[in-house]
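J.: Quick one: the structure is below, questions incoming.
The values are calculated or read from the model by the stated rules, or taken from the named source; none is laboratory data. What you see is a predicted model; the values in this text were computed from it and never measured. Glycine gets a Cβ as well: all are built from the backbone with ideal geometry, and neighbour counts include every protein chain shown.
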Amino acid sequence: MSFALLLIALVLLGSAAAAMLSRNLIHSALLLTGAWAGIAAFYLWAGAEFVAFAQVLVYVGAVSMVVLFAVLLTRQGATAAPVEFDSYKRVVGSIITAGGVGGVLLGAIFGTPLDVPAAPSPAALTVRQLGLQLMGPYAAALLIVGVILTVALLGAIVIAAVDKPEDPAP
Amino acid sequence: MLGSGILKGLGVTAKNFVGSYHDPARMVTQEYPDTPAKLPEAYRNFPFLVTENATDPMGTLRCVACQICEKECPPQCIYIEKSKDKKPDATGKPQLYPAVFAIDTAVCMSCQLCVEVCPFDAIKMDHVFEVAATNRFEGLLLNREQLAKPNEYFHQIRPTEAAEVDGRLTAERQAAAEKAKAAAAAKAAAPKPTTPVAGVADPGPASPRPATPKPAEGGTAP
Amino acid sequence: MSVVATDSFLERAPLLFRDWIVGHFPVALQWLVHHLLTITAILTVFGLFFAFTTIAERKLLARLQNRLGPNRSGLPWFRTLKLWGLTQPFADAIKAITKEDIVPAVADQVLHFLAPVVIVAFSLLGFAVLPFGRYLIPVELDAAILYFFAAGTATELAIFMAGWGSRNKYSLLAAMRALAQLISYELPLILSVVPVVLVTGTLSTRDIALAQGGWTWGVLPHWHVFTPWGFAGFLIFLVAALAESNRSPFDLPEAESELIAGHLTEYSGFKYALFFMAEYFGLTALSGLGITVFLGGWQAPCAFLEFIPSWLWFMGKLAGMIVFFIWIRGTLLRLRIDQLTRLAWQFLVPLALLNLGNAAFWALTSGWTGPLALARWAISAAIVIVPFFLLGRRLTAGYAPRTYRYAA
Amino acid sequence: MSMLQACLVLSSLLFCVGLAGALARSNTILVLLGIELMLNAANLNFIAFWRYGPHPGAGTGVIFVLFAIAVAAAEAAVGLALVIAVHRHRKSVRLQDANSLKG
């Protein structure tokens, strides 16, 4: 266990948990942005520079903005009322479920013999290699992702756009 | 074409930039405390008293303490006390003079009414505006000595009005002198040349600039 | 390229100085000192650059409007020495630090405090990958361009934090405007750089700067801005960079006439100064990227000027860019919010996409020589100029040319 | 515990946090954010296996993550557009309120 990984894990899990527990939606969104940045830090630590920067660009730069806009556009009333939890039953149920899933996952992790190379060779994946792979073997996937993004963009605009005949009754 | 307006605007500002270094006419900034402020001639702030002679301000005040300005002043910031005695004025005629003449500049509203009503052109509006004081009452209350400023100063701050005033005064004095002369002549032509009014009407103040009113002895203010 | 010119003492002087200092420390600490020195150098140089940018901006703006600008602040104890007011930024700094720090009672204390910290921290990150000279690049990253844009995104978050944390309607409105603006212009900004990445085939700023080396006949530099696609990309980059750094004519988030001071309304003293600083750091970093990507980085414009060290060329170009931005600020009026977004989505983005295709054409036809080279230039120029006219006409339809009914 | 296992534990903990959040909260936006967290946790696994797996030279894990990020961005955009659309009709962002098919 490296110290850096421990630090990243603490920040990451802490901000994610705080985001899920916070009663202030804006704080949740900002804390979650912190968690996404923490994930980028993990990628950086793992040597996947390109992915880390892409993660920051997409999550911290774009998704967080969309989330914040959504929060502000769907605010009820002028005051930012705290978002309460629904009921104890729900919270307890969800924690039990999550705990169960976590137990299963951890059990699986420690129960599986992973063949780890004794000394992991330093990953030497340059951006150039990555680009060549994307354009070579994965070109079709890249195109499909492009199409998905375009469709999602158009779909989001269509869904979020104001309907033309606004109902007169408020 | 999109962008042509932007280029034109950039040209204008570039011209401004270059011009600001070699064309002083473009610059509108006056660096005030370093270079004195250039005030327009008609600028007016607080009144001052015109004296005929710079060397003897108190002796040659044009003011005759008629107190019209004191009565006219809307905020009543002028305070005048008449003298008990008379002193010869610029033309040599004995006149009253203000024993006390004070203006409270904290109260003065620069309306220029005192100047309008003065029949003797004795009070005029000044160009000074740096009259800050560190106390609240005494510093802003200007007395006779502080108010008196020579006619040359008046010429300096607003030449046109000063020339006009001087011209008028000279004309009046000349007319008065001629009238006196005519009266004297008439008197002389009259039967017996008695000698009743010798020293008063004859003198030299017929000269246009009455800057030499002799009475040095009258200069000592009471 | 003579060895003397490219490897002179001056060229290496900053590195030699750093190594000399690092050499005084024990080996175990050397890497730490090495990085700390780099950070300190960046902070010092660009802190001072920021300070003098503010005074330059004020003086230049004044001159552009036929005024004098600040020229009074001298030195303490030497009253007669005026120094043309060049010590003004230090006086401003002292004023900002000593002013009272006011936090609104209902503000979100944490976010209100964090916003200026975050914005300064992230606006400084971009400097890490800029090649300031032939041998002066703080961090050599394979994906430097991507890193640069990733580092810049957090400033948007900080602006939102400032706007929302202030609990002020004007601040929030400004924050929303800022978000809309920054998201809108992020796209043309990145799209304007992508053609360069396409042609040079690398994301590393060092390699991009190196790719622009060399001269035709020793005087015509091979900078990207001197190609049709590069020129168009540079213009798009300039506009987008202005908008990204919230500068006039795109300073809507802090439009004084409409929003008081935008997201800065509830900030005072040093926190306000931090926002100000971040804005200039962002502008400087973006200018640095523009220079690296389009204006040849640290390369000298002519072969015989190479004796001047490369980092001086970079700083000179940087100063030039800043002066140009100040000139723009002194000239243009603020856009309206709808004009702003229209300009981004209906003009810059389509043009940037076309320019990407243009760069692809340029890269594909790199073998054309002789008369074909002329054809290559003509086609490439047509690809950007024709859409520029068409899109521009659509954009300005109803606005320009403007007729003034009452003006003479 | 090897490095790979540590990374996997981290990712599964993150997944559980996201899951608990998505289940416990009734605000649609928070649920969406919880799902995003779970997606990111899955991405962590890809990177961990790429880095500590037998073939770090092959970029499969990295490329998969890149695609996942792109798709997640699309998902977030559409999801939040849906939230806004639902909010316009129902004046609420609670999941339980959006329970009829007719808008």
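Quick grid of which residues meet (1) out of contact with any Phe, Trp or Tyr (no Cβ under 7 Å at 6 or more places or on another chain); (2) within 30 Å of C:Q212 (Cβ to Cβ):
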residue	(1), (2)
C:P70	yes, no
C:T87	yes, no
C:F113	yes, no
C:L125	yes, yes
C:L130	yes, yes
C:A150	no, yes
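J.: Still on this model: In this structure, does C:T53 turn out to be assigned to a helix (DSSP H, G or I), modelled with pLDDT of 90 or more and surrounded by fewer than 13 Cβ atoms within 10 Å (Cβ to Cβ)?
T.: No, not satisfied.
J.: Please enumerate the residues belonging to segment D:53-68 that are assigned to a helix (DSSP H, G or I) and surrounded by 22 or more Cβ atoms within 10 Å (Cβ to Cβ).
T.: Within segment D:53-68, D:G61, D:V62, D:I63, D:V65, D:L66 meet the criteria.
J.: Filtering segment B:24-33 down to residues that are facing chain C (nearest Cβ under 9 Å) and assigned to a loop (DSSP other than H, G, I, E, B), which residue is farthest from the chain's Cα centre (by Cα)?
T.: It comes out as B:M27.
J.: So, one more: Would you be able to say whether some residue in segment C:183-194 is among the charged types (D, E, K, R), surrounded by fewer than 24 Cβ atoms within 10 Å (Cβ to Cβ) and either more than 9 Å from chain A (Cβ to nearest Cβ) or at positive phi (or both)?
T.: No, because not a single residue in segment C:183-194 is among the charged types (D, E, K, R), surrounded by fewer than 24 Cβ atoms within 10 Å (Cβ to Cβ) and either more than 9 Å from chain A (Cβ to nearest Cβ) or at positive phi (or both).
J.: Kindly provide the set of residues from segment D:1-42 that are polar (S, T, N, Q) and at the interface with another protein chain (Cβ under 7 Å from one of its Cβ atoms), ordered by number.
T.: If the condition is that a residue be polar (S, T, N, Q) and at the interface with another protein chain (Cβ under 7 Å from one of its Cβ atoms), then D:S2, D:Q5, D:S12, D:S26, D:N27, D:N40 are the ones that fit.
J.: Let me ask something else about it. Would you check which residues across segment C:286-337 are within 14 Å of chain B (Cβ to nearest Cβ), surrounded by fewer than 20 Cβ atoms within 10 Å (Cβ to Cβ) and either in a loop (DSSP other than H, G, I, E, B) or among the hydroxyl-bearing types (S, T, Y) (or both) and list them?
T.: Selection gives C:L332, C:L333, C:R334, C:L335.
J.: Still on this structure, please answer the following. C:L354 - would you say it is more than 14 Å from chain B (Cβ to nearest Cβ) and surrounded by 12 or more Cβ atoms within 10 Å (Cβ to Cβ)?
T.: Here the answer is yes, as C:L354 does meet what is asked.
J.: What about C:E279, is it in a helix (DSSP H, G or I), acidic (D, E) and either under 17 Å from C:A56 (Cβ atoms) or at pLDDT 90 or above (or both)?
T.: yes
J.: Restrict the check to segment A:8-22 and report whether at least one residue is more than 7 Å from chain D (Cβ to nearest Cβ) and not in a helix (DSSP H, G or I).
T.: Yes, segment A:8-22 contains a residue that is more than 7 Å from chain D (Cβ to nearest Cβ) and not in a helix (DSSP H, G or I).
J.: While we're on this one: Only one of (1) farther than 19 Å from B:L2 by Cα; (2) part of a helix (DSSP H, G or I) is not met by C:Q346, so which one is it?
T.: In the conditions (1) farther than 19 Å from B:L2 by Cα; (2) part of a helix (DSSP H, G or I), C:Q346 misses (1) alone.
J.: Shifting gears a bit: Considering C:R63, C:R58, C:R67, which residue is surrounded by 15 or more Cβ atoms within 10 Å (Cβ to Cβ), more than 23 Å from the chain's Cα centre (by Cα), within 14 Å of chain B (Cβ to nearest Cβ) and charged (D, E, K, R)?
T.: Going through C:R63, C:R58, C:R67 in turn, the sole match is C:R67.
J.: Shifting gears a bit: Looking at segment C:84-106, can you tell me whether even one residue there is within 14 Å of chain B (Cβ to nearest Cβ), part of a helix (DSSP H, G or I) and more than 17 Å from C:G288 (Cα to Cα)?
T.: Yes, segment C:84-106 contains at least one residue that is within 14 Å of chain B (Cβ to nearest Cβ), part of a helix (DSSP H, G or I) and more than 17 Å from C:G288 (Cα to Cα).
J.: Right, next: Can you spot a residue in segment A:85-92 that is within 25 Å of A:Y43 (Cα to Cα), facing chain D (nearest Cβ under 9 Å) and modelled with pLDDT of 80 or more?
T.: No: zero hits.
J.: Just for segment C:149-182: of the residues that are of a type in the set (D, E, K, R) and buried (at least 20 other Cβ atoms within 10 Å of the Cβ), which one is farthest from the other protein chains (Cβ to nearest Cβ)?
T.: Top of the filtered list is C:R177.
J.: Next up: Are any of the residues in segment B:120-134 among the hydroxyl-bearing types (S, T, Y), surrounded by 14 or more Cβ atoms within 10 Å (Cβ to Cβ) and at pLDDT 85 or above?
T.: no
J.: Would you mind stating whether C:F113 is more than 9 Å from every other protein chain (Cβ to nearest Cβ), in contact with a Ser or Thr (Cβ under 8 Å, 6 or more places away or on another chain), at pLDDT 85 or above and surrounded by fewer than 23 Cβ atoms within 10 Å (Cβ to Cβ)?
T.: No: the conditions fail for C:F113.
J.: Would you confirm whether or not segment A:24-40 contains a residue that is polar (S, T, N, Q), at the interface with chain D (Cβ under 10 Å from one of its Cβ atoms) and part of a loop (DSSP other than H, G, I, E, B)?
T.: No, segment A:24-40 contains no residue that is polar (S, T, N, Q), at the interface with chain D (Cβ under 10 Å from one of its Cβ atoms) and part of a loop (DSSP other than H, G, I, E, B).
J.: Ok, one more. For segment B:166-182, does any single residue satisfy the condition of being of a type outside the set (S, T, Y), at pLDDT below 90 and in contact with a helix residue (DSSP H, G or I) (Cβ under 8 Å, 6 or more places away or on another chain)?
T.: Yes, because at least one residue in segment B:166-182 is of a type outside the set (S, T, Y), at pLDDT below 90 and in contact with a helix residue (DSSP H, G or I) (Cβ under 8 Å, 6 or more places away or on another chain).
J.: Additional query: Where residues in segment C:358-403 are among the charged types (D, E, K, R) and part of a helix (DSSP H, G or I), which of them is surrounded by the most Cβ atoms within 10 Å (Cβ to Cβ)?
T.: C:R376
J.: Follow-up. Given the conditions (1) within 14 Å of another protein chain (Cβ to nearest Cβ); (2) over 30 Å from C:R67 (Cβ atoms), report the number of the one that B:I80 does not fulfil.
T.: For B:I80, the exception is condition (1).
J.: Moving on. Got a sec? Which of B:L10, B:L2 is surrounded by 15 or more Cβ atoms within 10 Å (Cβ to Cβ), facing chain C (nearest Cβ under 9 Å) and assigned to a loop (DSSP other than H, G, I, E, B)?
T.: The match here is B:L2.
J.: Looking at (1) at pLDDT below 80; (2) more than 8 Å from chain A (Cβ to nearest Cβ); (3) within 30 Å of A:A139 (Cα to Cα), find the lone condition where D:H89 falls short.
T.: (3)
J.: Output the residues belonging to segment B:141-165 that are over 12 Å from the mean Cα position of the chain (by Cα) and of a type in the set (A, V, I, L, M).
T.: B:L141, B:L142
J.: So which of C:L81, C:L111, C:L157, C:L124 is at negative phi and in contact with a strand residue (DSSP E or B) (Cβ under 6 Å, 6 or more places away or on another chain)?
T.: From the options C:L81, C:L111, C:L157, C:L124, the qualifying one is C:L81.
J.: Out of A:A124, A:A139, I need the residue that is modelled with pLDDT under 75 and more than 7 Å from chain D (Cβ to nearest Cβ). Which one?
T.: A:A124 is the lone residue from the list that is modelled with pLDDT under 75 and more than 7 Å from chain D (Cβ to nearest Cβ).
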